């Protein structure tokens, strides 16, 4: 899945050039597909969810930048932030590590499809962040999303 051009990844480098030796080769080898890391999966889920919400709310989300960062800036708060919304700059920053590691997921080892569970957790936080920007309830953004057909 191609990453949306409107979802920007922040504070990490895509290229590695240690000590002038050039870029590292793929860990999978030249004849195998590239490995999908947790970071790539997270970025793809955020991009797909942001694109889905842009289709539903094109006027409200026009010009909104959705970014992904590893951690929030250090602050003296008791609670770790999962996202940052800047309504003036029309920008949303989602923090990957707090979302993935601090979200309580019950019975994760017993579920038949943990990838679907991970996707639904990440999508839920994207919905919360967008709802925070728009001043709406997350369930109002896509009321038919999880309805049984």
Put in order of increasing Cβ neighbours within 10 Å, starting from the fewest, 53, 134 give 134, 53
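Subtracting the Cα-Cα distance from 0.36 nm times the residue separation, let me have the gained length for residue 139 to residue 86 in nm, one decimal.
Numbers: separation 53, 0.36 × 53 = 19.08 nm, distance 2.11 nm.
Extending this stretch completely gives an extra 17.0 nm.
Read-outs throughout are calculated quantities, based only on the coordinates presented, and are distinct from any laboratory measurement. Bear in mind the structure is a predicted one, so any value in this text is a computation, not a measurement. Glycine gets a Cβ as well: all are built from the backbone with ideal geometry, and neighbour counts include every protein chain shown.
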